[in-house]
Structure formats: C-alpha cells, structure tokens
Amino acid sequence: MKKEKLPLLLAVMIISIGVACGLWSLQERMSAERESKTAAVLVDLNQVIDAAQKNNQPLEQVLTKFSSHIDGVVYKEKNLADLEAQGTGTLKTGLEMQMLYPAAAGRMNSKWNYLIFQDEATMERVAQHIQAKSSKETVCEPLTGAGLPRYVLGTSAVKTDLSAMGFGFDTAELAILKELDLAIVPQIRSWDPFTTAGLELILSELSQNQVIAVAFNDANLPGVADTATWTDTRKIIAAYLGERDLPMVAIEFSAQKGIESLAAAMDYQVLRLHSIVEKDMATMQEQKAVDRFQLATSERNISLIMVRFFPKADVDTNIAYLDHITAAMVQKGISRGIPTVHVGGIAPDFITIVTAILAVAACGYLLLAAIGWGRIGLVGAVLGAAGLLGLLVMGQQAIVQKITAFGAVVLFPTLSLWILVPRTPLPWYQCVFRTIEITAFSLLGAVLMAGVLSQSSYMLHIHQFMGVKLAHALPILLVLGAFFLFAERDKHWLVKIKEVMDSHISVKYAALGVVALGVVAIFLMRTGNDAVTVSDLEISIRSWLDNLLYVRPRTKEFLLGQPFLMLLCYVGYKKEYLPFLLIASIGQVSLVNTFAHIHTPIFISVLRTLNGLWIGIVIGLIFIVGWTMVMKVYQKAMDTIAAQGEHK
C-alpha cells in the first residue's frame with residue numbers, strides 16, 4: 001500500500017465507524033417512536049361552557065354529549081375575567097363600594113379592592129389563592145342587610161395583579177369531569193413571586209381528577225421572571241410534578257419563557273400539544289384542520305391535540321368534526337387515548353459523539369483531498385477534531401453536538417456530488433444506479449447528524465437543529481464552487497477567479513444568474529420553521545400525495561433534485577451544465593436535511609426520502625427521454641443549417 005493512500009483509508013474507516021455508532025444511537029430513539037402511537041383528543045372546557053350557555057343547557061348535559069368522542073379537556077385556570085363572564089364574581093374598588101353601599105361604608109377600605117361573589121365556595125377559593133400566591137392581605141366581609149351583597153372579599157392586592165392571577169378550578173366543574181371520566185390538562189396561570197404554597201394549592205384542587213399533564217398559560221412560566229431564583233424554582237416545580245408522575249406540556253409554536261430549562265429539570269418528561277389558534281377557526285375548512293391534526297400526531301411527535309370548535313357550528317357538527325380527526329389519526333396508525341411519555345431521558349452516548357466528530361473531520365479531509373488540497377485537509381481535520389473534542393471534554397456537549405451535526409449535513413452531500421457525479425455521459429440504466437449511490441452517500445451525513453442529535457430535547461422540539469437555512473445554502477455554494485474551479489484542471493483556480501472578476505458579463509449570462517439566484521432564494525424561503533406560506537392548491541396536492549403514498553416526498557426532491565441529477569449523469573458534467581448541477585444539489589441537500597427534523601419519526605423521514613428517490617428516478621427517466629428527443633431535433637436542425645450553408 002502506498003504511503004499517501006493511508007490517510008484516505010483511515011478516513012474511510014473512521015467514517016464507517018462513525019456511521020455504525022450513529023445507527024446504534026438511533027435504536028433507542030426508534031424504540032421510543034414505535035411506542036409513541038397514542039394521542040389524546042382534548043377540547044377547550046371554556047368553549048364547552050360557552051356552548052352550554054348558548055344552548056341554555058346544563059354544562060353536564062353538553063359535556064356528556066362530547067364525552068365518548070374525546071379523552072378529556074384543557075382546563076384553563078380561572079381568573080377574574082372568567083368569574084365576571086360567568087357572573088360568579090365582580091371587582092369593585094373601595095371607593096366604589098363606599099358609594100354603592102353607604103350602609104357598610106365604614107367597613108370598606110378606600111385603598112383596597114373588593115370582589116363580590118354569588119356563593120361562599122368561590123369566595124373562599126379565591127381568598128385561598130390570593131393568600132397562597134401573594135403577600136397581600138385579604139378579609140372576607142359577610143355583609144348583612146337589605147340591598148347588601150352577601151359574599152364580599154376585600155384585598156390589598158392591586159387590580160392588575162388580581163386580573164393576571166389564577167384563582168384555581170371550579171369544584172362543581174371538576175366534579176362533572178370526574179363523573180364523566182374525562183381527563184384534564186390544567187393550564188396554570190403564572191404568579192410572581194413564585195410560592196410553593198400556590199403550586200401546592202393548585203395541585204391539591206386537582207388531586208381527585210385524572211390529570212394527564214400540566215400546561216402553563218402565560219408567556220412566562222411561574223417564577224421565571226426572577227432570574228436570581230429561577231434555578232431553584234424550576235427544581236421545585238419539577239419535584240412537585242415528578243412526585244405526582246405528572247409530565248409537563250410543551251405547546252407547539254408557543255414560545256414560553258422557562259419551558260426549556262423546566263423540561264431539562266424534569267428530565268424531559270414532556271408531552272407536546274398542538275392546537276389551531278382560535279382566530280383561524282373562523283375561516284378554516286374542516287378538511288384542512290383534520291389534515292393538520294393528522295400530520296401533527298403522525299409526523300411531529302404530538303401526543304395531545306386540543307381541538308377548538310368551529311364558531312358557527314352547532315354541537316353535533318363539532319362532534320362529527322372530532323370523529324373525523326380521530327379517523328384521520330387512526331388512518332396513520334395513531335390510536336386515541338391517554339398518552340404516556342416515551343422520549344424522556346434519551347441522549348447519545350459519549351462514544352457516539354466522539355466518533356461523529358471524527359467522521360465529520362474525516363469527510364472534510366476527503367473533500368479537500370479530492371480537489372487536490374490533501375495536506376491542508378489533513379491539518380484542518382486534525383485541528384477541527386481536536387478543537388471539538390476539547391470542547392466536549394470541557395463540558396460543552398450541546399454546542400459540540402450542534403457543530404458536528406451542521407458539519408455532517410454540509411460536508412457529506414458536497415463530497416457525494418463531487419466524487420460521484422460523472423464527468424462523462426452514462427447510459428440511462430447506469431444513471432439510475434449512480435443516483436442511488438449519490439443519495440446513499442449523502443445520507444451518511446444524515447445518519448451522523450441524526451445519531452448525534454437523537455436526544456429527548458430534540459425529539460420534543462424543545463431544541464432544534466442549528467442553522468437550517470445556512471445548512472441548505474452552504475453545500476450548494478461549495479458544490480458549485482468546487483466544480484467550477486476544480487472539475488476542469490486546464491487553469492489554476494486563482495486564474496479562473498481572476499478571469500471571472502475581469503470578464504464582461506453579457507445580458508444572457510446576467511439573466512441566467514438572476515434565475516439561478518431566484519431558484520436558490522425560493523428554495524431557502526421554503527425551508528426552516530419560518531418558511532413562506534404555501535398556496536391552497538399546493539396544500540391540496542400535498543394532501544393527495546400523503547393519502548396516496550402514506551408519506552409525501554418533498555417537491556424539491558422528486559420533482560427537481562433527483563430528476564436533474566439523473567439528467568446530469570446522462571449528459572456528464574461540463575461547465576455548461578452548471579444549472580443542472582445547481583438543481584441536483586438542492587435535492588441532495590434537501591434529503592439530508594429531512595433528517596434534521598428530529599421530532600419527526602425516523603421511519604417517516606426514511607419513507608419520505610425513498611418516495612422522493614423512486615419517483616424522482618421515474619421522472620428523471622422521462623427527463624432523459626425528453627432531452628434525447630430535443631437534442632435529436634436540435635442536431636437535425638443544425639445539420640440542415642450546415643447543409644444549406646454548404647450549398648451556398
């Protein structure tokens with residue numbers, strides 16, 4: 001064996017070991033995903049209360065109609081606005097009380113606020129919450145006499161604090177839920193400063209009911225505003241919930257301050273909840289809403305769905321809507337029921353992270369060696385790996401995981417295209433095999449990335465893959481740059497750059513450049529969590545593909561990336577075919593980044609990629625046939641023009 005081949009062989013061995021460890025790391029994640037096949041269908045209890053009031057029916061009667069179609073309710077902790085809306089409580093200032101009830105004016109403090117109730121139980125519950133969640137004074141004032149309210153609660157708490165504070169849960173409503181065997185996801189309101197007495201009071205009120213998990217209502221979790229004590233507060237909350245075997249809820253698309261650190265304190269005993277915001281329900285089509293819940297439960301590790309009603313629909317129509325959602329879930333293998341946490345405590349081991357670091361470094365070396373920069377690549381790989389290993393030893397595992405994952409999704413598709421895209425034309429059947437080879441090589445990066453990020457926080461989407469748009473753009477730029485500068489060795493790469501900088505660009509090439517930039521811009525805008533909104537037509541097509549194929553492939557893979565990769569293999573790379581290479585690169589980058597959605601089950605990502613591959617190959621064969629026909633017509637026209645020139 002020649003000495004210069006030793007680093008290449010060593011790099012291949014390191015990558016093989018890294019991929020093997022990555023696959024091993026995925027086993028625990030895949031096992032958890034196989035177990036996570038249950039989702040609870042919940043409704044907003046406040047909407048059921050509204051429906052009961054509109055129909056002039058008792059709450060128990062309306063809830064009974066819903067009970068066999070749902071698993072439980074999301075029960076938002078009562079606040080002042082709820083009491084006033086239900087007519088069970090109202091707020092007055094001390095001055096207003098003195099003016100309204102002059103007979104009792106001497107008992108009223110003009111600087112206090114007073115809550116007037118319809119029943120003693122509600123007054124006592126509210127008083128308990130004010131006392132448990134604040135240091136403010138409270139006094140129950142039972143007034144007697146003609147025209148005087150019977151149940152009055154005075155407090156030194158200001159109106160803004162009273163309006164924001166939660167006052168627990170109605171005992172009568174809790175009794176109805178227990179009688180109907182409906183589970184609860186309580187949504188707790190925040191209070192500051194945090195007190196353990198407040199949390200104890202809330203949990204004690206719920207102790208007789210079946211609670212699935214605990215959600216939080218506000219943008220800030222209880223106690224998170226006090227950064228000095230939050231570390232201790234989150235441990236207290238985690239301990240209280242842990243003692244009662246209660247997971248916490250992470251609400252999808254809702255940024256709540258404190259969720260990440262509380263989830264970590266609970267070792268990611270978390271259930272994810274998806275709902276459609278209330279303002280969208282007024283214009284939402286039922287099938288679109290059903291599709292959203294189906295997708296959330298089958299592809300995004302959602303265990304809880306809160307179904308909001310259509311505002312103009314009656315009870316029976318909304319019940320039918322709930323049944324359609326359940327049927328759609330079952331169609332994707334998700335059963336309706338009370339879920340349990342399966343993804344808590346999952347994390348890659350130290351060896352998986354180390355081998356992934358070395359594998360990514362080895363890939364970087366192979367890429368630079370392939371373009372003739374072997375020594376630079378070797379030094380860079382050693383320094384890069386040493387730096388990441390140093391950070392890992394220093395306890396910076398989180399950032400090491402993100403950098404390693406980013407390197408894997410950037411370098412492997414770049415190297416795959418560089419070494420496997422043919423420089424000479426291939427027969428059509430070889431194009432099929434070459435496309436599969438290129439895809440398989442690119443997916444090695446997906447395995448490394450998925451292995452190193454297979455941990456609970458990513459599976460729950462509490463943490464996300466870093467640099468989504470850059471991870472899509474950078475490989476494309478690297479591929480185009482490598483092929484333009486190094487595919488043809490007729491000139492030094494610096495000379496090529498100088499010639500480009502000094503050249504006068506024609507309108508034709510300027511237009512092509514604008515088109516290329518437009519393609520890349522659209523590609524980037526349609527990636528990531530803040531992607532552009534798609535049209536209703538595209539949504540319909542996606543739904544059709546989902547129903548047809550179980551998991552729809554990505555459009556940029558089966559309709560663009562893979563077909564143009566097939567065509568590029570058929571014609572062989574030349575600089576004239578850089579646009580083909582650009583589009584082919586988009587497909588490879590997309591399929592690797594599919595696996596960056598760690599909250600999506602591996603099975604779904606694999607099936608999505610396979611569907612994109614085989615359909616892309618079929619369309620690619622059509623492209624090849626079309627290209628052959630067009631070139632024949634073109635060549636015939638050129639021959640005719642040439643013959644006419646000879647006759648002249």
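The values are calculated or read from the model by the stated rules, or taken from the named source; none is laboratory data. Just so we're clear, the structure is a prediction, and the values are computed from it rather than from any experiment. Cβ placement follows ideal geometry from the backbone for every residue including glycine, while neighbour counts extend to all protein chains displayed. Heavy atoms of the whole protein, side chains included, go into the accessibility calculation; ligands, DNA and RNA do not. Shrake-Rupley method; radii C 1.70, N 1.55, O 1.52, S 1.80 Å.
Given the residues I325, I305, which is the only one that is among the hydrophobic types (A, V, I, L, M, F, W, C) and either in a helix (DSSP H, G or I) or more than 30 Å from G223 (Cα to Cα) (or both)? Before you say what the answer is, go through the steps one by one.
On the way: I305 fails: either in a helix (DSSP H, G or I) or more than 30 Å from G223 (Cα to Cα) (or both).
The match here is I325.
For K575, the conditions (1) under 21 Å from the mean Cα position of the chain (by Cα); (2) surrounded by fewer than 23 Cβ atoms within 10 Å (Cβ to Cβ); (3) of a type in the set (K, R) all hold with the exception of (1).
Condition check ((1) at pLDDT below 95; (2) in contact with a Leu (Cβ under 8 Å, 6 or more places away or on another chain)) across all residues:
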| site | (1), (2) |
| --- | --- |
| A386 | no, no |
| T404 | no, yes |
| E437 | no, yes |
| I462 | yes, no |
| A487 | yes, no |
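For segment 263-291, the set of residues classified as closer than 30 Å to I541 by Cα and either open to solvent by less than 40 Å² (accessible area, probe 1.4 Å) or touching a residue at least 60 places away in the same chain (Cβ under 8 Å) (or both) consists of R272, L273, H274, S275, I276, M281, M284, Q287, K288, A289, V290, D291, listed by residue number. If the condition is being more than 36 Å from the chain's Cα centre (by Cα) and either without any contact (Cβ under 8 Å) to a residue 12 or more places away in the chain or under 23 Å from A596 (Cβ atoms) (or both), then segment 471-495 contributes R489, D490, K491, H492, W493, L494, V495.
Do the conditions hold for I305, that is, is it hydrophobic (A, V, I, L, M, F, W, C) and surrounded by 15 or more Cβ atoms within 10 Å (Cβ to Cβ)?
On the way: hydrophobic (A, V, I, L, M, F, W, C): yes; surrounded by 15 or more Cβ atoms within 10 Å (Cβ to Cβ): yes.
Answer is yes for this residue.
Just checking, which of E260, E252 is under 26 Å from V224 (Cβ atoms) and open to solvent by 40 Å² or more (accessible area, probe 1.4 Å)? Reasoning before the result, please.
Details: E252 fails: open to solvent by 40 Å² or more (accessible area, probe 1.4 Å).
After applying the criteria, what remains is E260.
Checked against (1) at pLDDT 95 or above; (2) part of a helix (DSSP H, G or I); (3) touching a Gly at 6+ places or on another chain (Cβ under 9 Å), A320 passes all but a single condition, namely (3). Selection within segment 368-384: residues that are in a helix (DSSP H, G or I) and without any contact (Cβ under 8 Å) to a residue 12 or more places away in the chain. The member of this set that is nearest to P475 (Cα to Cα) is I376. Residues in segment 585-606 that are open to solvent by 30 Å² or more (accessible area, probe 1.4 Å) and either on the phi > 0 side of the Ramachandran plot or in contact with a helix residue (DSSP H, G or I) (Cβ under 8 Å, 6 or more places away or on another chain) (or both): H597, F603.
Residues of segment 390-424 that are loosely packed, with under 15 Cβ neighbours inside 10 Å and either hydroxyl-bearing (S, T, Y) or over 29 Å from the mean Cα position of the chain (by Cα) (or both): G390, V393, M394, I419, R423, T424.
Look at segment 607-626 and say how many of its residues are out of contact with any Ser or Thr (no Cβ under 9 Å at 6 or more places or on another chain) and closer than 20 Å to I436 by Cβ. Summing the residues that are out of contact with any Ser or Thr (no Cβ under 9 Å at 6 or more places or on another chain) and closer than 20 Å to I436 by Cβ in segment 607-626 gives 12. If you take the residues in segment 1-54 that are in contact with a helix residue (DSSP H, G or I) (Cβ under 7 Å, 6 or more places away or on another chain) and not in a helix (DSSP H, G or I), which one is farthest from H69 (Cα to Cα)? Result: A39.
Residues that are open to solvent by 90 Å² or more (accessible area, probe 1.4 Å) and within 18 Å of I334 (Cβ to Cβ) within segment 28-38 comprise R34, E35, listed in sequence order.
Against the conditions (1) touching a strand residue (DSSP E or B) at 6+ places or on another chain (Cβ under 6 Å); (2) more than 30 Å from V343 (Cβ to Cβ), K498 satisfies every one except (1).
Just one of the numbered conditions (1) modelled with pLDDT of 95 or more; (2) farther than 30 Å from A183 by Cβ; (3) buried (at least 21 other Cβ atoms within 10 Å of the Cβ) is not true of S25: (1).
In segment 46-60, which residue that is polar (S, T, N, Q) and either within 32 Å of the chain's Cα centre (by Cα) or at pLDDT 95 or above (or both) is nearest to L203 (Cα to Cα)?
Filtering segment 46-60 down to residues polar (S, T, N, Q) leaves 46-47, 53, 55-57.
Next cut, either within 32 Å of the chain's Cα centre (by Cα) or at pLDDT 95 or above (or both) only: 46-47.
Values: N46: 20, Q47: 23 Å.
Among them, the one singled out is N46.
What are the pairs with Cβ atoms under 7 angstrom where one residue, in segment 457-470, is without any contact (Cβ under 8 Å) to a residue 60 or more places away in the chain and open to solvent by 20 Å² or more (accessible area, probe 1.4 Å) and the other, located anywhere, is of a type in the set (G, A, S) and assigned to a helix (DSSP H, G or I)? Sequence gap at least six, or different chains. Correct list of pairs: empty, since none qualify.
Cβ-Cβ distance below 9 Å, separation of 6 or more or different chains: which pairs start in segment 570-583 with a residue that is in contact (Cβ under 8 Å) with a residue 24 or more places away in the chain and over 10 Å from L480 (Cα atoms) and end on one that is of a type in the set (S, T, Y) and in a loop (DSSP other than H, G, I, E, B)? If the second residue must be of a type in the set (S, T, Y) and in a loop (DSSP other than H, G, I, E, B), the pairs left are G572/T424; Y573/T424.
Looking at I399, I357, I351, I346, just one residue is in a loop (DSSP other than H, G, I, E, B) and within 16 Å of V452 (Cα to Cα), and that residue is I346. Within segment 305-332, residues that are of a type in the set (F, W, Y) reach partners that are open to solvent by less than 10 Å² (accessible area, probe 1.4 Å) and assigned to a helix (DSSP H, G or I) with beta carbons closer than 7 Å, at six or more positions or on different chains, in the pairs F309/N318; F310/M281; F310/N318; F310/Y321.
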